[in-house]
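Q: Just passing along the structure, written as structure tokens.
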Amino acid sequence: MTLKNSTILTRRAFVAGTAAALGAPAIAQEMDASETVEIERDVTETVRRNISSFRSLDWRPYFPNLNNGAVLVDIDSRALHYWSADGGTYKLYPSSVPLSEDLTRRGRTSVVRKVEGPSWRPTPSMLERNPDWPPFVGPGPDNPLGTHALYLSWTYYRIHGTHDTRKIGRRSSNGCIGLYNEHIAELFGMANVGTQVLLI
């Protein structure tokens, strides 16, 4: 019986060791800093768990009315909420948010323009930080704004789609709010010029 138990433990140890050895390159690739868009936290720092991301919210604490509809973006929970003007439609979408507090803007704004198939020009500060970026990208799969964009009254700020789905749910933008292309297409169809927007 001792020999049998010894053999089982040896097999388990072998399987565990082999799995660890084979899995190591994949783990190393996932953790490659050049591939990630998330800012890594200090492991000694206390992390507030993101429990509110997909919790339905009522519009009343945030807006005095639903005239022209309303969009609420919660930067901390990385979620975008939409209410139609008649209150009959409520949508909740996962989103990407700005990389850092320096790039984050909070407060009230509104949709001032809607563009299907947007083109993109990096801001002067983006080009300063990333001089190898192109000065212009037309509509298509390489465009950082995805398939649709809602331009806000703040210069350079938009709610837009993304072809890079790894960015959703992360701190990954230079100031904009990103959605999956299918979600921005749906929101684009519901939101109007004049839709009120609040980023908290």
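Q: Would you call residue 125 more than 16 Å from residue 73 (Cα to Cα), surrounded by fewer than 18 Cβ atoms within 10 Å (Cβ to Cβ) and either more than 17 Å from the chain's Cα centre (by Cα) or modelled with pLDDT under 95 (or both)?
A: On the way: more than 16 Å from residue 73 (Cα to Cα): yes; surrounded by fewer than 18 Cβ atoms within 10 Å (Cβ to Cβ): yes; either more than 17 Å from the chain's Cα centre (by Cα) or modelled with pLDDT under 95 (or both): yes.
Answer is yes for this residue.
Q: Applying the selection to the stretch 151-200, what residues are assigned to a loop (DSSP other than H, G, I, E, B), open to solvent by 30 Å² or more (accessible area, probe 1.4 Å) and polar (S, T, N, Q)?
A: 153, 155, 174, 192
Q: Are any of the residues in the stretch 61-83 in contact with a strand residue (DSSP E or B) (Cβ under 9 Å, 6 or more places away or on another chain), among the basic types (Lys, Arg) and either at pLDDT 95 or above or closer than 23 Å to residue 152 by Cβ (or both)?
A: Within the stretch 61-83 (the criterion being in contact with a strand residue (DSSP E or B) (Cβ under 9 Å, 6 or more places away or on another chain), among the basic types (Lys, Arg) and either at pLDDT 95 or above or closer than 23 Å to residue 152 by Cβ (or both)), the answer is yes, since at least one residue qualifies.
Q: Scan the stretch 113-120 and tell me whether some residue there is open to solvent by 20 Å² or more (accessible area, probe 1.4 Å), among the hydrophobic types (A, V, I, L, M, F, W, C) and more than 17 Å from the chain's Cα centre (by Cα).
A: Here is the first cut: in the stretch 113-120, the residues open to solvent by 20 Å² or more (accessible area, probe 1.4 Å) are 113-117, 119-120.
Keeping just the survivors that are among the hydrophobic types (A, V, I, L, M, F, W, C) gives 115, 120.
Keeping just the survivors that are more than 17 Å from the chain's Cα centre (by Cα) gives 115, 120.
Yes, because at least one residue in the stretch 113-120 is open to solvent by 20 Å² or more (accessible area, probe 1.4 Å), among the hydrophobic types (A, V, I, L, M, F, W, C) and more than 17 Å from the chain's Cα centre (by Cα).
Q: Is the stretch 159-169 home to any residue that is over 12 Å from the mean Cα position of the chain (by Cα) and farther than 15 Å from residue 98 by Cβ? Full working, then the answer.
A: Of the residues in the stretch 159-169, the ones over 12 Å from the mean Cα position of the chain (by Cα) are none.
No, because not a single residue in the stretch 159-169 is over 12 Å from the mean Cα position of the chain (by Cα) and farther than 15 Å from residue 98 by Cβ.
Q: Just need a number here: residues in the stretch 85-135 that are acidic (Asp, Glu), under 16 Å from residue 150 (Cα atoms) and either in a loop (DSSP other than H, G, I, E, B) or in contact with a Gly (Cβ under 8 Å, 6 or more places away or on another chain) (or both). Explain how you work it out, then say what you get.
A: At the first step, the residues of the stretch 85-135 found to be acidic (Asp, Glu) are 86, 101-102, 116, 128, 132.
Subsequent filtering for residues that are under 16 Å from residue 150 (Cα atoms) retains 116.
Those left that are additionally either in a loop (DSSP other than H, G, I, E, B) or in contact with a Gly (Cβ under 8 Å, 6 or more places away or on another chain) (or both): none.
The total comes to 0.
The values are calculated or read from the model by the stated rules, or taken from the named source; none is laboratory data. For clarity, every value in this text was computed on a predicted model and none was experimentally measured. Heads up, the Cβs are rebuilt from the backbone with ideal geometry, glycines too, and the neighbour counts pull from every protein chain shown. Please note that ligands, DNA and RNA were not included when accessible areas were found on the heavy atoms of the full protein model with its side chains. Shrake-Rupley method; radii C 1.70, N 1.55, O 1.52, S 1.80 Å.
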